[in-house]
Amino acid sequence: MLNQPTLDKLETLRLHGMAEAFRAQADPAQRDGLATLSFEERFGLLVDQEWTWRQNRALARRLTHAKFRYRASVEDIDFRAPRGLDRSLVRSLAQNSAWVAEHQNIFLLSPRGVGKSWLACALAEKTCRDFLEICEDRYQMRSTILTSQLPVAKWHERIGDPTLADSILDRLVHNAHRIELHGECIRKKLGGKQT
């Protein structure tokens, strides 16, 4: 069987991850480990590779679009440095980025150079990874109230990755009631007082 036409079709269909996995499966050096697998198992590996490739690409786009100062991740946090970093608190914040879903804030306070900005980037990076999962979990199972200063028409562009944007917006927008407010900042009028 000629593999190049199949690879060309996979690339034309933008199944780049699957094409990459197909090349690996076609490599004689890797065939020995695959010989015992059924067609379904090998096909499953191709689909898994495509899914992983798309997830990684979407994450890379979100991270690029976010323009974080540092390439940081919660997995790389050094708890050994003596700076009073509470491991259990950081892990609980990173766990499914629940602080975002619960509309909580995080204050990172320290002298200059201790790692506030890096830690903020690490937590934000984890949130980027979790956002699509949050939308998927809530879709047609729970209600969501979302607030934004950005008009809905600009959300797709702001998310960056068209596939990811379609997935998120499809789950949020099509069955939502929209209330658009206009006017002056109430906080300014009240002098920062909550009513």
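The values are calculated or read from the model by the stated rules, or taken from the named source; none is laboratory data. Only a predicted model underlies this, so the values are computations on that prediction, with no experimental measurement involved. Positions of Cβ are generated from backbone atoms using ideal geometry, with glycine treated the same way; all protein chains shown enter the neighbour counts.
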Task: Complete set of residues in region 17-42 that are at pLDDT 85 or above and either in contact with a strand residue (DSSP E or B) (Cβ under 8 Å, 6 or more places away or on another chain) or surrounded by 13 or more Cβ atoms within 10 Å (Cβ to Cβ) (or both) - done: Gly17, Met18, Ala19, Glu20, Ala21, Phe22, Arg23
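Scan region 155-173 for residues that are of a type outside the set (A, V, I, L, M), within 14 Å of the chain's Cα centre (by Cα) and surrounded by 17 or more Cβ atoms within 10 Å (Cβ to Cβ) and jot them down.
Matches in region 155-173: Asp161, Ser167.
Matching residues to (1) of a type in the set (Lys, Arg); (2) more than 14 Å from the chain's Cα centre (by Cα); (3) in a loop (DSSP other than H, G, I, E, B); (4) at pLDDT 80 or above:
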site	(1), (2), (3), (4)
Gly113	no, yes, yes, no
Ala122	no, no, no, yes
Asp130	no, no, no, no
Cys135	no, no, no, no
- [ ] Could you list, in sequence order, all residues of region 57-84 that are in a loop (DSSP other than H, G, I, E, B) and either of a type in the set (Asp, Glu) or more than 14 Å from Ala122 (Cα to Cα) (or both)?
- [x] Asp78, Arg80, Ala81, Pro82, Arg83, Gly84
Open item on the list: Looking for something modelled with pLDDT of 70 or more, farther than 24 Å from Thr64 by Cα and surrounded by 10 or more Cβ atoms within 10 Å (Cβ to Cβ) - is there at least one such residue anywhere in region 102-111?
Closed with: yes
TODO: Kindly check whether there is at least one residue in region 43-56 that is loosely packed, with under 11 Cβ neighbours inside 10 Å and closer than 30 Å to Ala165 by Cα.
DONE: no
